[in-house]
1. Quick one: L101 ticks every box in (1) crowded, with 20+ Cβ neighbours inside 10 Å; (2) of a type in the set (A, V, I, L, M, F, W, C); (3) under 18 Å from I80 (Cα atoms) bar one, so which box is it?
2. When you scan segment 54-69, do you find a residue that is among the hydroxyl-bearing types (S, T, Y) and under 20 Å from G137 (Cβ atoms), even just one?
3. For segment 226-246, indicate whether the set of residues that are modelled with pLDDT under 80, in a helix (DSSP H, G or I) and under 21 Å from S131 (Cβ atoms) is non-empty.
4. Taking A195, is it of a type in the set (G, A, S), under 16 Å from the mean Cα position of the chain (by Cα) and surrounded by 18 or more Cβ atoms within 10 Å (Cβ to Cβ)?
5. Exactly one condition in (1) in contact with a Phe, Trp or Tyr (Cβ under 7 Å, 6 or more places away or on another chain); (2) modelled with pLDDT under 90; (3) surrounded by 16 or more Cβ atoms within 10 Å (Cβ to Cβ) is not met by G210; state its number.
Amino acid sequence: MTAPKSLLRPALVSFSALALLGGCTITPGTDTLAQTDPLEKFNRKVWNINSKADKLVMQPVAKYYNKKVPEPVRKAIIRIFANLEEPFNAINNLLQGKPYLAGKNIARLAINTTVGIGGIRDTATKIGVVSTVEDFGQTMARWGMNGGPYFVLPFMGPTTMRDAVGTGIAQWADPFSYCVRECHFVPNAATYAIAVVSVVKMRAQMAESGADSFLESSLDPYAAARSAFLQHRRAQIMDQDAPGNKSSNAAITDADLSSSGLDDTSSTSTSTSTGDPALDNAVADLESKTKGNDTPTP
């Protein structure tokens, strides 16, 4: 009888926060402190360590994954993980006072889990039920919490204090993450496998998006990554990231996958599209500034 009670905890935490939200005025917080980057010296040291580890381990693994895993399988994995995120998307949309979008999340979960065979196919989008992705960091920002300082976490990359707290809370409030860790019917081997596949999947998407070449061509990769992250994050918080409020983690439709380069493995295009308009605009803006700096003065 303990398992059902444990599964209720994430919902109780989330809906308790929703009750508190009812008396609050929602004014999105800012990322002013993160932009000044008071921890830059520390962050650059961690960035250098992460970059070396990435080149030695994650980049080769991501390239091998993209080369050896068939395209249909990669696309199915992206969709399955996106489908598993829908319950937490719904919770965060509720916490942000967007019950209609929360309903769409639940509808997507029902449709793609059944007709879409566990999320392998994105049937919901094909019939007009578009993904609306939200995380707890975005929710806290919508409640008025400022971003705090910008961090580069070991092996995890860029974040802010607010988003780091949100990630930690998500481990307890996200039904999928909680169940993977606490449900006794999920074997330990499966838990580790899910974590590994999730990380490799995200790194492989990043490699195919052109982010690696963008950073390598930047005069200051650390500053470029920080600026792109903060611009992209702000767009997500303000629901400006894409039609239907889709984040870069929601590249699950055929159109999204095509625009990110995942749908055309034979293409030789060097496009840096990530499938997320807000992130693409941030990268394009930084690239134009970089090119401007590289132009020799007469």
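1. The one condition L101 does not meet is (3).
2. no
3. So the first thing to find is which residues in segment 226-246 are modelled with pLDDT under 80, and the list is 241-246.
Right, trim to in a helix (DSSP H, G or I) and you get none.
Taking every residue of segment 226-246 in turn, none turns out to be modelled with pLDDT under 80, in a helix (DSSP H, G or I) and under 21 Å from S131 (Cβ atoms).
4. Details: of a type in the set (G, A, S): yes; under 16 Å from the mean Cα position of the chain (by Cα): yes; surrounded by 18 or more Cβ atoms within 10 Å (Cβ to Cβ): no.
No; evaluated as a whole, the condition is false for this residue.
5. (1)
The values are calculated or read from the model by the stated rules, or taken from the named source; none is laboratory data. Small disclaimer: the values here were computed from a predicted structure and weren't measured. Reconstructed Cβ throughout: ideal geometry from the backbone, glycine too, with neighbour counts over all protein chains shown.
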